[in-house]
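Asks: First, the structure itself, so that you have it in front of you.
The values are calculated or read from the model by the stated rules, or taken from the named source; none is laboratory data. Only a predicted model underlies this, so the values are computations on that prediction, with no experimental measurement involved. Cβ placement follows ideal geometry from the backbone for every residue including glycine, while neighbour counts extend to all protein chains displayed. In case anyone asks, the SASA skips ligands and DNA or RNA and just uses the protein heavy atoms, side chains included. Shrake-Rupley method; radii C 1.70, N 1.55, O 1.52, S 1.80 Å.
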Amino acid sequence: MRIVLLGAPGAGKGTQAGVLSKKLDIPHISTGDIFRANIQNGTELGLKAKEFIDSGKLVPDDLTINIVKDRLLKRDCQKGFILDGFPRTIPQAESLDNELNGLGIKLDAAINLEVPDEVIVNRMKGRRVCGKCGKPYNIHTLKPKQEGVCDVCGGPLLIRDDDKEETVRERLRVYYKNTEPLIGYYDSKGILYNFDGTKDIGVTTGEIIDKLEQIRKDRTGGFE
Ligand code: AMP
């Protein structure tokens, strides 16, 4: 399946994408993770992206679109993919459509996680991320087994610079201006599916899986 995940920052895209990627056995592609890895490795892309990310702004489309195009050409994307945090603007969505058209494929679903702003701001205060492998945690809703330590790789759990309340508010402003219009974009293509992102993580995952299964059945008669 070829899926994009929509929703404000902190709506749970990264968490859902991680689970869905395992369940459906397709790669999870997060532009935010790609940028953070580049910042950590001190690459030219990382240097360019850092100032935008730290201030809660979007990284310019040309930089972002190219990294996704390259990633989608990798072999593991042939069986499908989950895009998390991309597209975030209408030009990004259009260039994704063009790229996929050129490859003779189409998106199956745009999954939109709906969460009110105040819930998001509160969630972001509890958000932590593994400094080594990038796995997301939340000290209220998605606790690690041992405080401050990643369950998977033992790395240290950190607060992202852009999760400070001021920056979160700016990211929400940027979301409403640039990214929310994508809901109408995918709705008009008939592939938008809305989910209540305030429920338990596992409940929302179950609802998404059921919907994806139904979409798949409508097309091919079951999961491949
Ligand atoms: P995320 O981890 O998805 O919340 O992304 C963190 C930050 O990376 C965002 O606040 C943006 O600054 C940048 N970013 C990630 N994806 C994109 C994108 N598709 N377009 C522009 N900037 C992005």
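Asks: Tell me which aspartates and glutamates have Cα within less than 12 Å of residue 79's Cα, excluding those fewer than 8 residues away on the same chain?
Replies: Once the sequence-local aspartates and glutamates are set aside, what remains near residue 79 is 25, 224.
Asks: Need the list of aspartates and glutamates near residue 132 for cross-linking: C-alpha distance under 15 angstrom, and skip anything on the same chain fewer than eight residues off.
Replies: Qualifying aspartates and glutamates at Cα under 15 Å: 33, 151.
Asks: Mind checking which of 204, 43, 64 has the largest fluctuation in a GNM of the chain, springs on alpha carbons under 10 Å?
Replies: In the Gaussian network model the winner is 43.
Asks: Next up: Going by average Cβ density within 10 Å per residue, which order do the peptides 146-156, 9-19 take, highest to lowest?
Replies: Result, highest mean first: 9-19, 146-156.
Asks: Taking 0.36 nm per residue of separation and subtracting the Cα-Cα distance, what length does fully extending residue 165 through residue 210 add?
Replies: 12.8 nm
Asks: Still on this model: Tell me the relative contact order for the chain as a rounded percent, counting alpha carbon contacts under 8 Å between residues six or more apart.
Replies: Contact order relative to length: 28 percent.
Asks: Sticking with this structure for a sec: What nm value, rounded to one decimal, do you get for the distance between residue 119 and residue 63 when each label is placed 7 Å out toward the C-beta?
Replies: 3.2 nm
Asks: Tally up the carbon and sulfur contribution to the accessible surface of the chain as a whole percent, 1.4 Å probe, everything protein left in place.
Replies: Summing carbon and sulfur atoms, their accessible area is 49 percent of the total for the chain.
Asks: Moving on. Could you give the Stokes-Einstein D for the range 71-115 in µm² per second, using the C-alpha Kirkwood radius, 4 °C, 1.567 mPa s? Kindly include the intermediate steps, with their values, before the conclusion.
Replies: Numbers: Rh = 11.6 Å.
Once the numbers are plugged in, D ends up at 111 µm²/s.
Asks: Still on this structure, please answer the following. Top to bottom by accessible area (1.4 Å), largest first, where do 137, 185 land? Provide the component values of the computation, followed by the final result.
Replies: Details: 137 10, 185 35 Å².
Largest accessible area first, the list is 185, 137.
Asks: Let me ask you something else. Note down the net charge around residue 48, summing +1 for each Lys or Arg and -1 for each Asp or Glu among other residues with Cβ under 15 Å from its Cβ.
Replies: -2
Asks: In whole angstrom, how far apart do the alpha carbon centroids of the range 162-187 and the range 44-93 sit?
Replies: Taking the Cα centre of each part, the range 162-187 and the range 44-93 sit 16 Å apart.
Asks: Charges at C-beta only: +1 for Lys and Arg, -1 for Asp and Glu. How large is the resulting dipole of the range 106-149 about its Cα centre, in Debye rounded to 20?
Replies: With only Lys, Arg, Asp and Glu charged at Cβ, the dipole is about 360 debye.
Asks: Right, something else. For the range 113-126, what does the Karplus curve 6.51 cos²θ - 1.76 cosθ + 1.60, with θ = phi - 60°, yield as ³J(HN,Hα) per residue in whole Hz, taken in order and with x for Gly and Pro?
Replies: Ordered by residue, 3J(HN,Hα) equals 9, 9, 9, x, 3, 5, 5, 4, 4, 5, 4, 5, 5, x Hz.
Asks: Assign unit charges at the C-beta atoms only (+1 for Lys and Arg, -1 for Asp and Glu), then state the dipole size of the range 73-224 relative to its Cα centre in Debye, rounded to the nearest 20.
Replies: On the way: 25 positive and 26 negative charges, 94 e Å.
The dipole magnitude comes to about 460 debye.
Asks: Report the relative contact order of the range 92-218, percent, no decimals, based on alpha-carbon pairs under 8 angstrom and at least 6 residues apart.
Replies: Working: 113 pairs, mean separation 39.2, N = 127.
Value for the range 92-218: 31 percent.
Asks: Count charges around residue 105 for me, please; just the other residues with Cβ under 12 Å from its Cβ, Lys/Arg as +1, Asp/Glu as -1.
Replies: Details: positive: 2, 79, 106; negative: 97, 99, 108.
Local charge sum for residue 105: 0.
Asks: Still on this structure, please answer the following. Using only Cα atoms, figure out Rg for the range 80-224 and give it as a multiple of 2.2 N^0.38 Å.
Replies: Ratio of Cα Rg to 2.2 N^0.38 Å: 1.19.
Asks: Only bridges with both residues in the chain count here: give the DSSP antiparallel percent, nearest 5.
Replies: Just about 30 percent of them are antiparallel.
Asks: Hey, another quick one. If you average the alpha carbon positions of the range 6-31 and of the range 118-152, how far apart do those two centres end up, in angstrom?
Replies: 15 Å
Asks: Further, regarding this structure: Skip the ligands, DNA and RNA, and give the accessible area per residue of the range 1-138 with a 1.4 Å probe, whole Å². Intermediate results must be reported in sequence, preceding the final value.
Replies: Numbers: 6140 Å² over 138 residues.
Ligands and nucleic acids excluded, the figure is 45 Å² per residue.
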